[in-house]
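Heads up, the thing below is written out as structure tokens.
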There are 2 protein chains.
Amino acid sequence: MTKCSEIRQPLREELFLPRVLHALSDPVRMEIVLKIARAGQVACGAFDIPMPKSTLSHHFKVLRESGVVASRREGNELINSLRLEDLETRFPGVVQAIIAAGSR
Amino acid sequence: MTKCSEIRQPLREELFLPRVLHALSDPVRMEIVLKIARAGQVACGAFDIPMPKSTLSHHFKVLRESGVVASRREGNELINSLRLEDLETRFPGVVQAIIAAGSR
DNA sequence: CGTCCAATTCGAGTTTTATCGAACTATCTT
DNA sequence: AAGATAGTTCGATAAAACTCGAATTGGACG
């Protein structure tokens with residue numbers, strides 16, 4: 001039965017700037033975020049980062065719990081996207097500027 | 001005579017975005033940065049943060065080493081300022097947006 | 001059902017970070 | 001030179017974070 005996953009992600013009002021910045025302060029996670037930003041939607045498995053899946057999963061967890069990334073199940077993979085609307089509403093310009101700077 | 005201090009601070013080209021974000025990901029340091037942003041120049045002693053001086057000093061060190069803050073000696077106190085020019089040059093909009101969001 | 005596939009969870013090991021008090025350095029003042 | 005003030009450095013401790021392999025969950029499909 002498709003029980004909708006309990007991927008806990010903070011509500012928009014719960015977003016906390018230091019937590020978001022911490023999530024983005026790791027180079028691996030920054031790379032993940034940049035790839036999602038470029039592609040729009042990326043499954044967890046689509047990152048060719050030389051690293052065990054458990055470690056990658058940890059980084060996705062941090063990104064999710066900080067509210068940077070939203071993940072939804074589709075078949076048997078997780079599709080990740082950036083929560084740009086929520087982030088821009090709460091912290092206008094911050095994530096956009098970071099992505100732009102990181103992409104240079 | 002004011003001997004030029006040996007406070008090591010990274011050159012503009014050495015600024016590293018994840019390091020900057022990490023520096024800003026601590027609530028205490030964020031508070032420090034916001035106060036400097038408001039006042040322009042603030043001595044280390046001017047922060048009424050209920051915390052030992054050694055701990056505060058640690059946070060200033062992190063801010064300095066990440067390149068967020070510049071400190072110069074003036075008499076027997078250290079005056080702190082934000083390295084906005086360098087930061088904006090390397091990471092346009094990032095720190096500005098963070099300060100604006102943090103000030104809300 | 002059994003198997004494959006995607007991703008998470010668990011447990012452990014290592015590293016980094018935050019915090020604090022005590023001792024120290026540098027500068028100014030008298 | 002002595003004392004006061006502003007910050008830093010040191011050493012220790014505790015909490016948090018990153019990494020990894022092994023075991024596990026959830027869904028798709030024959």
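The values are calculated or read from the model by the stated rules, or taken from the named source; none is laboratory data. Since the model is a prediction, treat every value here as computed from it, not as a measurement. No Cβ is skipped: glycine too gets one built from the backbone with ideal geometry, and neighbour counts run over all protein chains shown.
The residues in segment B:8-64 that are free of Cβ contacts under 8 Å to residues at least 12 places away in the same chain, over 20 Å from B:ARG90 (Cα atoms) and within 14 Å of chain A (Cβ to nearest Cβ) can be counted, and the count is 1. Among the listed residues B:ARG64, B:ARG8, B:ARG19, B:ARG72, identify the single one that is under 12 Å from the mean Cα position of the chain (by Cα), within 29 Å of A:GLU31 (Cβ to Cβ) and within 15 Å of DNA strand D (Cβ to nearest atom). Exactly one of B:ARG64, B:ARG8, B:ARG19, B:ARG72 is under 12 Å from the mean Cα position of the chain (by Cα), within 29 Å of A:GLU31 (Cβ to Cβ) and within 15 Å of DNA strand D (Cβ to nearest atom), namely B:ARG64.
Taking A:MET51 as the residue in question, decide whether it is farther than 28 Å from B:LEU87 by Cα, part of a loop (DSSP other than H, G, I, E, B) and at pLDDT 95 or above. Yes, satisfied.
Screening the candidates B:LEU56, B:LEU11 for the property of being exposed (fewer than 11 other Cβ atoms within 10 Å of the Cβ) and out of contact with any Ser or Thr (no Cβ under 9 Å at 6 or more places or on another chain) yields one hit, B:LEU11. Can you tell me which residue among A:VAL94, A:VAL68, A:VAL62 is crowded, with 17+ Cβ neighbours inside 10 Å, of a type in the set (Val, Ile, Thr) and touching a strand residue (DSSP E or B) at 6+ places or on another chain (Cβ under 7 Å)? When all the criteria are applied, what remains is A:VAL68. Looking across segment A:66-80 at every residue that is in contact with a helix residue (DSSP H, G or I) (Cβ under 8 Å, 6 or more places away or on another chain) and near DNA strand C (Cβ under 10 Å from one of its atoms), the one that is nearest to A:GLU13 (Cα to Cα) is identified as A:VAL69.
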